[in-house]
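The values are calculated or read from the model by the stated rules, or taken from the named source; none is laboratory data. From a predicted model like this one, the values you see are computed outputs, not experimental measurements. Positions of Cβ are backbone-derived with ideal geometry, glycine not excepted, and every protein chain shown enters the neighbour counts. Ligands, DNA and RNA are excluded from the accessible area calculation, which covers all protein heavy atoms including side chains. Shrake-Rupley method; radii C 1.70, N 1.55, O 1.52, S 1.80 Å.
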Amino acid sequence: MGEQQSTGPTRLRGLDGLRGLALIPVLVFHLWPDFLPGGLVGLPIFFALSGFVITRGLLGEIAKHRTVDLRAFFARRFRRLWPASTAVLAGVTVVWLGFVWMTRSIAIDILASFFEVANWRFLLTGTTYGAHEGSPVAHFWSLGIEEQVYLVVPLVVWFLRRRPQLLAVAFALFIAGSFMVTLANAGDATVIYYSTFTRSAEFFIGALVAVVVGSRSTTLRHDLLGRLTGVVGFLALGSLAWLAFRSSLGTEAYYRGGLTGLAVLAALVIIAAIWSPSMFRTLSIRPLVWIGSISYGVYLIHWPLHIALLHTGLPTWLQPWLVLAVSFTVAPISLRLFEEPIRVRRITLRRFAPWATALTVAVLVGSIYGTTVPAPASEIDFAAAQRRFEAGAAKVAPVVPADPTAPKGTAANPVSVAVFGDSTAVMLASSIGAGDPRIRDAGGWSRVWCPLGRGGLVRGDSGSGDNPTMPSMPAFDFCDWTTNWPDAVRAAGGVDVAVVLTGNWDAAGRKVPALGDGYHTVGEPLYDDWLRGEISGAADALHEAGAAHVAWLTLPPKIDRGPNPRFERYTQLLEEVAATRPWMTIVDYAGHMATEPDNRRMRPDGSHLDENGSAELWRTWLTEEILGIGTSAVPTSAAAIPNTGAAAGGTPSGQGTLS
């Protein structure tokens, strides 16, 4: 996106038009995703084009000077890319702090973007593309990859400057290596989309084209080869346009080598733009060339502006048009008065240094401060909650009650409770018992994002069924309840009550190897049978490991979404499993929240309790529910529990649904 061709005599005007053509689907995809769900095809075009342009420039330098001035190359990259991107980051930092929109997560995103590692930030946090939850710098992932590749390509060219005939082999090997990494991670949308190792093939394909084409004339050809490349180029361009409308983030082929395939199509268009008169004329249309010339600025500006407008009360239909109007007004002004003067040294780096220092200070100080600001009521810090949960669970050990002869459910002989499940369980456990001495926190095992059902892929939003336009994610092996859950019970020396809250991601789209190639969700008989087996297996594993009782909570629908038939069917599956297990009780969390007047305040994001909401739930309702279960007689089929007071009981409760 940031790469511009030289303004010298070797400028290839058709490539400016291709850059503009590639920007259009990206913008439409970001602003009207339902209209153009496959607009992501624009990024591989940009990547291949960037690889071609920088490699072609380096080869031209070798032809002229017989070497590559690396210092000059990186200085050019700095002058071209750094000022505008840092100015945008500084603006985002100031605006988000000023309007109190800043969150710790966004502040870290800004820092990662400044240091050109945003793609690794999103990858390591498991953020699926399209699920950035309003980060104004979510688009910097692609710029991070671009800058990382820019560190490699010039070094390769410099190293082989005396043997340029080996460059094609070198770039081919880089492409093969990147593609092998893609195949090794096939199906993992987050890794495939964000990893430099998987996406670099798209740049190297462009670099390989520059080597191959660079050995020949770059003038338009009016012979058979020119006509043939034109036909192939238009077919490739048509294929990209078709994919922009007919594919989406949920197209699994993209995560099995398809993104590299898009770059191959882009390479065919690049070759056609160089040699085919008809393709050259098509891509040299003045509006496309103009859009291409300001594409970097438009790309930088449009996304934070889009996110900022989401915070306003402006009509949603109007916001995308305002984004386009402002972006296409500011970007050419920035290019003319700010970016271009620095690039061509009308503004020297010495004169720019005070401004560069100010921008850097604004980004670093502002974002570092942003990591310390209290989270707004609508934001839940899941990472911090996960860390607290794991730290607490790691300290759990068998505990002998102060008075094993005291009645169960008293301060001298509390009910031990362990919590199991996904992110909703992590937050439920954040204030377990709300400080009531009758409840003892016995840890458990809960992880953000983990579904109950093992293996396969998950697609769509949690609880919302299958969504084929969304990317799929693997159900990670570390989520496997067969070892994690019973091991946590044993580590505590057995527990009185194992509280389970999970199933949100099992009510999305699931592709399970045992069920064939298609995606399924709750409500389909085949899938229900499989999920029922997972529920019963997990409950049995907890009980056999030493959980006297299993209290499984139902799932409340998301706020403002209305009743969720998938969650209602999930409750039926729970009841069917509990019907044959007297030690298993279904706790009607969904029913309670349906009548809870503070539901919205307790679940600020519509799904999860925050820490205060968790404390209030335990204090006003859940503590008594769990005490009632934990103090009931242990069924005769209960597993033997070490002498920690976990098996002491009172009156029998029987199996059923508590509300």
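A few points about this structure:
- Those residues of segment 448-499 which are in a strand (DSSP E or B) and either open to solvent by 30 Å² or more (accessible area, probe 1.4 Å) or within 21 Å of residue 551 (Cα to Cα) (or both), in sequence order: 495, 496, 497, 498, 499
- Check on residue 82, part of a helix (DSSP H, G or I), under 27 Å from residue 127 (Cα atoms) and open to solvent by 30 Å² or more (accessible area, probe 1.4 Å): yes
Okay, residues lined up against (1) modelled with pLDDT under 95; (2) in contact with a helix residue (DSSP H, G or I) (Cβ under 7 Å, 6 or more places away or on another chain):
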{"residue": "66", "(1), (2)": "yes, no"}
{"residue": "73", "(1), (2)": "yes, yes"}
{"residue": "76", "(1), (2)": "yes, no"}
{"residue": "80", "(1), (2)": "yes, yes"}
{"residue": "86", "(1), (2)": "no, yes"}
{"residue": "89", "(1), (2)": "no, yes"}
{"residue": "94", "(1), (2)": "no, yes"}
{"residue": "102", "(1), (2)": "yes, yes"}
{"residue": "105", "(1), (2)": "yes, no"}
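- From the list 137, 152, the lone residue that is aliphatic (A, V, I, L, M) and open to solvent by 10 Å² or more (accessible area, probe 1.4 Å) is 152.
- Candidate set from segment 197-243 (those that are touching a Pro at 6+ places or on another chain (Cβ under 7 Å) and either outside any helix (DSSP H, G or I) or of a type in the set (Val, Ile, Thr) (or both)); member that is surrounded by the most Cβ atoms within 10 Å (Cβ to Cβ): 220
- Selection status of residue 100, surrounded by 18 or more Cβ atoms within 10 Å (Cβ to Cβ), out of contact with any Ser or Thr (no Cβ under 9 Å at 6 or more places or on another chain) and in a loop (DSSP other than H, G, I, E, B): no
- Residues that are more than 15 Å from residue 573 (Cα to Cα), in contact with a strand residue (DSSP E or B) (Cβ under 9 Å, 6 or more places away or on another chain) and surrounded by fewer than 21 Cβ atoms within 10 Å (Cβ to Cβ), drawn from segment 516-527: 517, 518
- Of all residues in segment 244-254, those that are in a helix (DSSP H, G or I) and under 10 Å from residue 37 (Cβ atoms) total 3.
- Some residue of segment 61-79 being surrounded by 15 or more Cβ atoms within 10 Å (Cβ to Cβ) and touching a Gly at 6+ places or on another chain (Cβ under 6 Å): no
- Some residue of segment 105-125 being open to solvent by less than 40 Å² (accessible area, probe 1.4 Å), under 30 Å from residue 251 (Cβ atoms) and in contact with an Asp or Glu (Cβ under 7 Å, 6 or more places away or on another chain): yes
- Verdict on residue 323 being β-branched (Val, Ile, Thr) and in contact with a Leu (Cβ under 8 Å, 6 or more places away or on another chain): yes
- All of 62, 110 fail the test of being outside any loop (DSSP other than H, G, I, E, B) and over 30 Å from residue 162 (Cβ atoms), apart from 110.
- For residue 368, the conditions (1) loosely packed, with under 15 Cβ neighbours inside 10 Å; (2) farther than 30 Å from residue 94 by Cβ; (3) among the aliphatic types (A, V, I, L, M); (4) at pLDDT 90 or above are fulfilled apart from (2).
- Selection status of residue 337, out of contact with any His (no Cβ under 8 Å at 6 or more places or on another chain) and open to solvent by less than 50 Å² (accessible area, probe 1.4 Å): no
- Residue under evaluation residue 409, criteria (1) touching a Lys or Arg at 6+ places or on another chain (Cβ under 7 Å); (2) open to solvent by 30 Å² or more (accessible area, probe 1.4 Å), criterion not met: (2)
- Residue among 175, 145 that alone is under 30 Å from residue 355 (Cα atoms) and either in contact (Cβ under 8 Å) with a residue 12 or more places away in the chain or out of contact with any His (no Cβ under 6 Å at 6 or more places or on another chain) (or both): 145
- Among the helices (runs of 4 or more DSSP H) confined to segment 528-638, the ones with at least 2 residues that are open to solvent by less than 40 Å² (accessible area, probe 1.4 Å), of a type outside the set (Phe, Trp, Tyr) and in contact (Cβ under 8 Å) with a residue 60 or more places away in the chain are located at 589-594, 611-617, 623-630.
- Restricting the search to helices (runs of 4 or more DSSP H) fully inside segment 258-299 and requiring at least 2 residues that are within 24 Å of residue 175 (Cα to Cα) and open to solvent by 10 Å² or more (accessible area, probe 1.4 Å) gives 258-275.
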